[in-house]
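One structure is given below, encoded as structure tokens.
Please treat every number below as a calculation from the coordinates, not as lab data. What you are looking at is a predicted structure, and each value in this text was computed from that prediction instead of being measured. Because the Cβ atoms are built from the backbone with ideal geometry, glycine has one as well, and the counts that use them run over all protein chains shown.
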Amino acid sequence: MRGVINLRGSVVPVIDLRLKFGMSETVKTVNTCIIVTEVNMDGETIVLGALADSVQEVIEMEPQQIEAAPHIGTRLNTDFIKGMGKMDNRFVMILDIDKVFSNTELDSVVGEAS
């Protein structure tokens, strides 16, 4: 957890996505942003912020634009990929945010933010 933000009077924990994926810590720049998302944990919805290097755009996709996650082999863990979206002749990886964060991680984040 990198910290917390105040979102309309609620404390929201912020997690660094780069650290989650085994990369170096996010360096804060003018493009760094926090993506606010809802994660399901044991039937409960938890609001958290995901620190990202930048956001290029926000798009809506219809279900028919989304294909199943590709099988990349046994060396790469693709469990957190919900699918691949097709948009204007390019592919967009769609994360399954509920799988990106394990219950153990969320328990510790919720405990720290309280």
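Annotations for the structure displayed:
- Burial order of peptide ranges 61-69, 93-101, 29-37 (average beta-carbon count within 10 Å, highest first): 93-101, 29-37, 61-69
- Each other residue within a Cβ distance under 14 Å of residue 56 adds +1 if Lys or Arg and -1 if Asp or Glu, for a net charge of -2.
- Whichever lysines have a C-alpha closer than 22 Å to that of residue 99, once near sequence neighbours (fewer than 8 apart) are set aside: 20, 82, 86
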